[in-house]
Structures are given as C-alpha cells and as structure tokens.
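Only one structure is covered here, and it is reproduced in the block below.
The values are calculated or read from the model by the stated rules, or taken from the named source; none is laboratory data. Owing to the predicted nature of the structure, the values given are computational and were not obtained by experimental measurement. Because the Cβ atoms are built from the backbone with ideal geometry, glycine has one as well, and the counts that use them run over all protein chains shown. Note: accessible area is taken over every heavy atom of the protein model, side chains too, but ligands, DNA and RNA are not part of it. Shrake-Rupley method; radii C 1.70, N 1.55, O 1.52, S 1.80 Å.
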Amino acid sequence: MINAKGRNMTEKILIAEDEKEIADLVALYLENDGFEVLKYYDGTEAMGAALSNQPELAILDIMLPGVNGLEICRRIREKHNYPIIMLTAKGEETDKITGLALGADDYMTKPFLPLELVARVKAQLRRYKRYNTGGEQGDVLEVSGLVLNSKTHECLLNEKPLSLTPTEFAILRILCQRKGEVVSAEELFHLIWEEEYYTKNNNTITVHVRHLREKMGDSFEHPKYIKTVWGCGYKIEG
Ligand code: CA
C-alpha cells in the first residue's frame, strides 16, 4: 500500500525514548511523513519489539528505564542490520562513541530539531536500501563520507547531495576506487579522456579538482578530501 507521500506504508520506524514529549513529537513528525511508528517509553519493551518486529530503522535513546539504548543496539546487531540512530544527551561523548562501536549508524545530540532527525532517518534508509537491493551494489563506492553511485550518477557527501559534472564525477570515482593511492594528473587525464595527448602544462585536471573542492566545501590550502601530493598527483585517503 502506498500512502499520499508515495512511501510504502509498511516502513516502520521504532523509537525508544522515555522523555514522552520528545518521543511523541518525533513520532508525530515521522507519521506526518508517512512512516508507521512503533513508540516505546520503556527499554525492555522496545528491545522486544526491535528484535521481533523488525522495523526498517530504530531510534534509540541511551538512558532508558529497563534496558538501556546501548544494550538494545548491541542486541539488534547480533541479528539485524537495519539502520540505528542513537539519541544522546549533551556531554555523553563516550556514549556516542560506544554506540557507533556497537553498530549504530548515526547519532543525534539532544536537543535537536525533529525535522533534522527525519532527514537523517531518510538518509539512512536511502543508504540502507542502496546497499541491500542487490544489483546496484557494485556501482556504489563509499569512502570517508563520500557515496558515489555510478549507475544513478549520484554523489553524496556526508548525506548531502553534490551536483557534479560528468568529469568531476569521473575524477572522484577514480580517486575513490584507488583510495590511499596517489593518481597523477596525467593518468587521470588518460583514464577519463582516453587520449594520448597530455603535456605538463595541461591544467585541465587541476581546474576540475579545484571545482570539486569548491563543491565539497574543501579548502585549497588544507584539503580534507582530495589531497595534493606535490609533483605526483592526487589522492583520497581510505
Ligand atoms: Ca532518556
């Protein structure tokens, strides 16, 4: 059954949160967006549902009566690989790290905007589906916050879409495929245009890399994503 938002009604989101106001508000936003919500104020009940009811995604607060969110996360990961978003309070830095180590996919620190949580839920579901619908798997590359889908020509950086030209996309794809390796401008040029003609004065690749960095919000002096290895070429760390 497809609802008004065009989403399959069976997409269930489980939320475990004992602060009722937060749980109710998040549930409201998710329901408005066409999700079915399984809402629990208690950790023990939430864990039972998370393990047997198989939601498409779980949102887990850490401090809960009964079983805490980290334990629920750990138990889910023994059996299931659906996305998990943890809710943490300010100052629970270690819990965040523990959550991610236990297999959570993302976390949000309270207080947060419900709309932002909904956006993260959708981002996680998109990514999860992309990896679990077979066929497309070989076409998706993921390297340090970058997700490249060669089939759909989609590029996400930290869940945000980047609008890339085919050449920029091609450069990024090659660097991601060979992450950790330095690829020279000359080689990039040959791989992309399959042309023999290239001189050291040819700055085509340099210009494209500059545009890529701009689009990625990366700095030229201290690039985080595409590193320049002077005199050798470019690389993306794995
Ligand atoms: Ca709590």
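Right, L87: touching a residue at least 60 places away in the same chain (Cβ under 8 Å), within 16 Å of the ligand (Cβ to nearest atom), open to solvent by 40 Å² or more (accessible area, probe 1.4 Å) and within 17 Å of K110 (Cα to Cα) or not? The answer is no for L87. Could you please let me know if A104 is in a helix (DSSP H, G or I) and hydrophobic (A, V, I, L, M, F, W, C)? So A104 does not fit the description; no. Does G145 qualify as being under 30 Å from L117 (Cα atoms), at pLDDT 90 or above and of a type in the set (G, A, S)? So G145 does not fit the description; no. Only a single item in (1) open to solvent by less than 70 Å² (accessible area, probe 1.4 Å); (2) within 16 Å of the ligand (Cβ to nearest atom); (3) farther than 26 Å from G145 by Cα is not met by E21, and it is number (1).
Would you call T228 more than 26 Å from D106 (Cα to Cα) and open to solvent by less than 80 Å² (accessible area, probe 1.4 Å)? Judged against the criteria, T228 is a match.
Taking the criterion of being touching an Asp or Glu at 6+ places or on another chain (Cβ under 6 Å), of a type outside the set (A, V, I, L, M, F, W, C), under 17 Å from T44 (Cβ atoms) and not in a strand (DSSP E or B), the residues of segment 54-95 that qualify are P65, G66, G69.
The residue of segment 99-116 that is farthest from the chain's Cα centre (by Cα), among those that are open to solvent by 40 Å² or more (accessible area, probe 1.4 Å) and among the charged types (D, E, K, R), is E116.
Residue count for segment 172-191 satisfying the condition of being under 21 Å from the mean Cα position of the chain (by Cα) and of a type in the set (A, V, I, L, M, F, W, C): 4.
Right, L117: in contact with a Phe, Trp or Tyr (Cβ under 9 Å, 6 or more places away or on another chain), within 16 Å of the ligand (Cβ to nearest atom), in a helix (DSSP H, G or I) and modelled with pLDDT of 85 or more or not? So L117 passes the test. Restricting A46, A50 to those that are within 14 Å of the ligand (Cβ to nearest atom) and part of a helix (DSSP H, G or I) reduces the list to A46. Is there a residue being open to solvent by 60 Å² or more (accessible area, probe 1.4 Å) and modelled with pLDDT under 90 anywhere in segment 58-71? No, there is no match, as no residue in segment 58-71 is open to solvent by 60 Å² or more (accessible area, probe 1.4 Å) and modelled with pLDDT under 90.
Evaluate the following for E181: is it closer than 24 Å to N149 by Cβ, modelled with pLDDT of 80 or more and part of a loop (DSSP other than H, G, I, E, B)? Here the answer is yes, as E181 does meet what is asked. Candidates K96, K79: the one that is open to solvent by 80 Å² or more (accessible area, probe 1.4 Å) and either free of Cβ contacts under 8 Å to residues at least 24 places away in the same chain or more than 13 Å from the ligand (Cβ to nearest atom) (or both) is K79. Based on this model, can you work out whether K227 counts as basic (K, R), over 16 Å from A170 (Cβ atoms) and in the same structural domain as K160 (by TED's automatic domain parsing)? Considered against the rule, which asks whether it is basic (K, R), over 16 Å from A170 (Cβ atoms) and in the same structural domain as K160 (by TED's automatic domain parsing), K227 comes out as yes.
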